[in-house]
Amino acid sequence: MADLRLFSYLPNPRLFKATIAARLCRVDLDIRGAPTTELHNWLWDFEARELEESERGADSLYARKALTGFAGTLYKTDAFLKAHPFGTVPAAFSPDGSIGIFESNSIMRAVVRSAKIEHALYGRDIFEASRIDGFLDHSVVFARDAQVYLLALANDELTEDIQMRMEEAFHAYMSGVDQALSTSGGHLAGPDLTIADICFACELALFSGSRLSHLKVERLGFQAIMTGSAITPYPLAFGHFEKLCAQPAFDEDLGPYLKKIDEKLFGAA
Ligand SMILES: N[C@@H](CCC(=O)N[C@@H](CS)C(=O)NCC(=O)O)C(=O)O
């Protein structure tokens, strides 16, 4: 039996936090899911599965209005909502399905806590672990604005207010990361690789998707955030991102994800 079961749309950089951590501390994950466009037809449950056509429709017992990032109807069981009160994916479960773990940072924490080998991914004592938590908590501030921004871009709903908030969140997060890296001795929370680095790499990979909409952003008179002069003030943060992405445990997920973005921007090599 796997150490944790996960359900998500695939690929999903928020899920990569868990898969990268699992690779580094040898935790076994049972991952269920399908591409974003297909998750509408799935039953969101511990026993997630694709629904038969006859099981779908507004009168289904499981039909719920989608909340964020999805539109229309999704099929979530009562048990899913008991385990995952905010109704989101990625969604993790204890091996018997009795406990739901939500929020990608907490799922990543559950992965490293499940490890049976020695590691320092969550620090070596309560102070290091709490410092790592600080980076994870701060990333949520960035991630929330990034989610609103990416959805606004996807739905052609970008406003000046959303652009300004995103610029502010991006610069606040990147300045902190750059500052941390200038004194830490190698990684975000200190000399060693931790889940703070994994979280940072995955959030930045997710936000890299905004590069695909740079023309839309520029047409509205704004500056694209993940390109050119907006990233130059943060050489340490972006250098660190590149170094992390090059590591095999990261590359397995982030490599194909970022390559796809580049191919859409510049065409296949
Ligand atoms: N902060 C959450 C974000 C999760 C989230 O918002 N997931 C959205 C998809 S992007 C979702 O599952 N929405 C379900 C719905 O629309 O009902 C995390 O990091 O796990």
Study note, to complete from the structure: Net charge near Ser130 (other residues with Cβ under 13 Å of its Cβ; Lys, Arg +1; Asp, Glu -1) is -1
Revision key, fill the gap. The alpha-carbon center of the range 1-50 and that of the range 191-248 are separated, in whole Å, by 24
Review point. Can you list the HN-Hα couplings for the range 186-202, worked out from phi with the Karplus curve (6.51, -1.76, 1.60; θ = phi - 60°), rounded to whole Hz and with x for Gly and Pro?
Key: x, 10, 4, 8, x, x, 9, 5, 9, 5, 5, 5, 4, 4, 4, 4, 6
Exercise for review: Under 1.5 on a/c is rounded, so check that first for the chain, then, if it is not, pick prolate when a/b is larger than b/c and oblate when it is not; a ≥ b ≥ c are the square roots of the alpha carbon gyration tensor eigenvalues.
Suggested key: oblate
Check your understanding: In whole Hz, what ³J(HN,Hα) sequence does the range 47-59 give by Karplus (6.51, -1.76, 1.60; θ = phi - 60°), x for Gly and Pro?
Key -> 9, 4, 7, 6, 7, 5, 4, 5, 8, 9, x, 4, 8
Check your understanding: Once a ≥ b ≥ c are taken as the square roots of the eigenvalues of the Cα gyration tensor of the range 1-131, is the result rounded (a/c under 1.5), prolate (a/b larger than b/c) or oblate (a/b not larger than b/c)?
Key -> prolate
Check your understanding: When the Karplus curve 6.51 cos²θ - 1.76 cosθ + 1.60 is applied with θ = phi - 60°, which whole-Hz ³J(HN,Hα) does each residue of the range 207-214 get, with x for Gly and Pro?
Key -> 5, 4, x, 5, 4, 5, 9, 4
Check your understanding: Are there GluC sites (Glu not before Pro) in the range 30-91 that DSSP puts in a loop and that have at most 11 other Cβ atoms within 10 Å, and which ones?
Key -> Glu52
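Any read-out appearing in this document is the output of simple, stated calculations on the displayed coordinates, not a laboratory observation. A quick note: this is a predicted structure, and the numbers were derived from the prediction, not measured. Cβ coordinates were reconstructed from backbone atoms using ideal geometry, including for glycine residues, and neighbour counts include every protein chain displayed.
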